[in-house]
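Okay, structure first, notes after.
The values are calculated or read from the model by the stated rules, or taken from the named source; none is laboratory data. Given the structure is predicted, the values throughout are model-derived calculations rather than measurements. Cβ atoms come from the backbone with ideal geometry, glycine included; neighbour counts cover every protein chain shown.
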């Protein structure tokens with residue numbers, strides 16, 4: 001029931017915006033339209049900037065296959081937490097994460113955050129698409145936190 005409601009609300013949102021969608025209405029017509037699935041323009045620009053920078057340094061920034069789906073986990077994460085990364089508002093981000101279940105209790109304060117973190121050495125991956133962590137945080141006390149985010153797809 002909840003998923004159906006979310007699909008309908010997403011379809012209504014895309015329709016109100018005049019976006020072209022697949023027949024169902026809650027998936028954008030083309031994967032390349034993923035930016036329209038990110039509510040704030042500055043967050044989409046941030047994602048594009050990070051992606052471009054990573055590609056220039058031969059580090060991937062994988063956009064999920066279904067990033068254009070209105071209920072995409074990746075797009076949801078970008079929409080929910082992207083503004084805090086864009087503005088480097090790590091204090092508020094830390095407060096939000098402390099409200100999770102179980103609450104994330106850090107000794108230090110978040111000093112950096114990035115989406116789609118990968119490190120072939122840490123995960124001992126020599127070939128193929130490396131493991132990508134949805135959100136990677138480091139504190140000023142050198143704590144490292146990996147956050148995985150799941151929604152619908």
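How many residues, within the range 1-41, are within 17 Å of the chain's Cα centre (by Cα) and exposed (fewer than 13 other Cβ atoms within 10 Å of the Cβ)?
So the answer is 2.
Any residue in the range 38-64 that is touching a residue at least 60 places away in the same chain (Cβ under 8 Å) sitting within a Cβ distance under 8 Å of a residue that is exposed (fewer than 13 other Cβ atoms within 10 Å of the Cβ)? List the pairs, counting only those 6 or more apart or interchain.
Close Cβ pairs (under 8 Å, with a partner that is exposed (fewer than 13 other Cβ atoms within 10 Å of the Cβ)) amount to 60/129; 62/129.
Go through 81, 6, 77 for me and flag whichever is in contact with a helix residue (DSSP H, G or I) (Cβ under 7 Å, 6 or more places away or on another chain) and within 18 Å of residue 151 (Cβ to Cβ).
81
Within the bounds of the range 74-85, is there any residue that is over 21 Å from residue 152 (Cα atoms) and touching a strand residue (DSSP E or B) at 6+ places or on another chain (Cβ under 8 Å)?
yes
Could you check how many residues of the range 100-139 are on the phi < 0 side of the Ramachandran plot, modelled with pLDDT of 90 or more and either within 19 Å of the chain's Cα centre (by Cα) or not in a loop (DSSP other than H, G, I, E, B) (or both)?
13
Can you name the residue in the range 67-99 that is more than 23 Å from residue 119 (Cα to Cα) and in a loop (DSSP other than H, G, I, E, B) and is also farthest from the chain's Cα centre (by Cα) among such residues?
99
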